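J.: Below are the structure tokens for one structure; questions will follow.
The values are calculated or read from the model by the stated rules, or taken from the named source; none is laboratory data. Since this is a predicted model, take the numbers as computed values, not measurements. Neighbour counts are summed over all protein chains in view; Cβ atoms, including those assigned to glycine, are modelled from backbone coordinates with ideal geometry. When the accessible area is computed, the model is the full protein with side chains, heavy atoms only, and any ligands, DNA or RNA have been set aside. Shrake-Rupley method; radii C 1.70, N 1.55, O 1.52, S 1.80 Å.
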Amino acid sequence: MNRLYIAKNKEPLQMTLDLLNRINPLKDRDKDIKIGIKPNLVCASPASEGATTHPEIVEGIIIYLLENGFKNIKVVESSWVGDSTKRAFKVCGYEDISKKYNIPLIDLKGDDFITKSYKGVEISICKTVYDLDYLINVPLIKGHCQTKITCALKNLKGLIPDKEKRRFHTLGLHKPIAYLNALIKQDLIIADGICPDPYFEEGGRPHRLNRIVAGFDPVLVDCYAAKVLGYKPDDIKYIGLARDEGVGNYINDDTEFVYIYDEVHDMSDEPQIVQKDKKYLRLIDEADACSACYSNLVSAMEKLNEMGITDKLADQICIGQAYRGYKGFLGVGNCTSYFEKYLPGCPPKVDDIIKFITELCG
Ligand code: SF4
């Protein structure tokens, strides 16, 4: 459906309820269907830091579903490689919601998987996904240091096993993300644009946007996210690839923007982030790095840049699975264990990277 619904400048729970009551997405659906809610709990960091979905939005969805007679609801998620989903459920406030409404939290890291094939590419998907009748995707409109943005399309990466997440990086991320979306249908998207980090997926630099966007087409939602985050849809390769696979459509002249509190608003009034030039990224030589690993290195480099240390760094830092078994000079992560100087860890922690580079430059 070529329409996006946008709520702005109220409390997250209120905006979520108002959006759902306006859209009425489950009209005429059997009350016994099994509904999965998929937030973005990439790491154990509260939503105020800009990395994870506000629990109030998921709470709003649960209240709406219960009030409308839907009781078979679960929250499903798998945090990124190296972090614990259970810890994220606790730190991000989802345990409290689970207890309050008696809704199970499913940590997909412990799930079995089913392998599906799409255009000759095999993709393992957590089994729980195939036990759902209706998937509500609740991503963030957020920056990402490898793919530039993450929103509805990339959030489905939390529905695959950790081993597959790593493999996605060896396949270049964009194509497998598009193919994953061709294999898993998301029925409704409620995208959190409250205070996302526009630059990094692990948060820490929240930017107040105070909006929630709802729709049925993940490509359309991601086009909106790209625009707000300062990009064009074609700047993010997987959005175009997903469109080419028939997952959804770009924003076009016929796209309708429904501002549920303010009918006179239009898309040209939307905020647009100006992306910073991160020169220190040129010091990183990345090849198939996992998100957590690369993100930790980029976070460390940003801090080292503020400390004036990146100027002293003469060598490029290699990171990623493609370096396994290869010799080199400077590396970060276990994949570079054959390098002359490398920092162990899978993934290494931000503080350890800062210490490692500082000592090297000292
Ligand atoms: S060390 Fe290698 S496998 Fe481990 S997180 Fe980093 S890139 Fe991924």
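J.: What accessible area per residue comes out for the chain, rounded to a whole number of Å², with a 1.4 Å probe?
T.: Values: 15140 Å² over 362 residues.
Accessible area per residue: 42 Å².
J.: Could you give me the ³J(HN,Hα) list for the stretch 13-28, computed from phi with Karplus coefficients 6.51, -1.76, 1.60 and θ = phi - 60°, whole Hz, x at Gly and Pro?
T.: So the J values, rounded to whole Hz, are 5, 5, 4, 4, 5, 5, 4, 5, 5, 6, 7, 6, x, 9, 3, 6.
J.: Average projected area of the Cα convex hull of the chain, in nm²?
T.: Orientation-averaged projected area of the Cα hull: 17.6 nm².
J.: Using only Cα atoms, what Kirkwood radius does the stretch 27-136 have, in angstroms?
T.: One over the average 1/r among Cα pairs gives 14.8 Å for the stretch 27-136.
J.: Over the stretch 279-361, how many pairs of lysines fall under 22 Å by alpha carbon, counting only those 8 or more apart in sequence or from different chains?
T.: 14
J.: Step through the residues of the stretch 46-54 one at a time and calculate ³J(HN,Hα) from phi using the Karplus curve (6.51 cos²θ - 1.76 cosθ + 1.60, θ = phi - 60°), rounding each to whole Hz and writing x for Gly and Pro.
T.: x, 4, 5, 7, x, 9, 10, 5, 4
J.: Can you give the three extents of the C-alpha atoms in the stretch 279-361 along their principal axes, from longest to shortest, in whole Å?
T.: Sorted largest first, the three principal extents are 32, 23, 20 Å.
J.: Quote the accessible area belonging to THR255 in square angstrom, nearest 10, computed with a 1.4 Å probe and with ligands, DNA and RNA left uncounted.
T.: 20
J.: Taking every alpha carbon pair in the stretch 94-233, what does the distance histogram look like in 5 angstrom bins from 0, in percent?
T.: It works out to 2, 9, 18, 21, 21, 17, 9, 3, 0, in whole percents.
J.: Using θ = phi - 60° and the Karplus curve 6.51 cos²θ - 1.76 cosθ + 1.60, what whole-Hz ³J(HN,Hα) does each residue of the stretch 300-315 get, with Gly and Pro shown as x?
T.: So the J values, rounded to whole Hz, are 4, 5, 5, 5, 5, 5, 4, 7, x, 8, 4, 5, 8, 7, 8, 10.
J.: Moving on to the next point. Leaving ligands, DNA and RNA out of it, report the carbon-plus-sulfur percent of the accessible area of the chain at a 1.4 Å probe.
T.: Numbers: 7020 of 15140 Å².
Summing carbon and sulfur atoms, their accessible area is 46 percent of the total for the chain.
J.: Still on this model: Tell me which residues come under 5 Å, amide H to amide H, from ILE317 once H is placed; ignore anything under 5 positions away on its chain.
T.: ILE284, ASP285
J.: Can I ask one more? GLU77's amide H: which non-local residues (gap 5+, or another chain) put their own amide H closer than 5 Å, with H modeled 1.01 Å from N in plane and none for Pro or chain starts?
T.: ILE106, LEU108
J.: Over the alpha carbons of the stretch 149-225, what is the largest minus smallest coordinate on each principal axis, giving the biggest first in Å?
T.: So the extents along the principal axes, rounded to whole Å, are 34, 28, 18.
J.: While we're looking at this one, here's another question. Helix 174-183 versus the longest principal axis of the chain: what is the Cα-based angle in degrees, 0 to 90, to the nearest 10?
T.: Rounded to the nearest ten degrees, it is 30.
J.: Run the helix sum for the chain: -39,500 (n - 2.57) per DSSP H stretch of 4+ residues, divided by residue count, reported at 222 nm to the nearest 500 deg cm²/dmol.
T.: Per the formula, -9000 deg cm²/dmol.
J.: Let me ask something else about it. Determine the sum of side-chain charges near THR336: Lys and Arg each +1, Asp and Glu each -1, restricted to other residues whose C-beta is under 13 angstrom from that of THR336.
T.: Charge balance near THR336 sits at -2.
J.: Let me ask something else. Could you compute the net charge surrounding VAL228? Neighbours are other residues with a C-beta less than 9 Å from the C-beta of VAL228; K and R count +1, D and E count -1.
T.: +1
J.: Let me ask something else about it. Any chance you could check the Cα centroid distance between the stretch 69-101 and the stretch 177-204 for me, in angstrom?
T.: That distance is 16 Å.
J.: OK, next. So how far, in whole Å, is the C-alpha centre of the stretch 319-362 from the one of the stretch 262-305?
T.: 22
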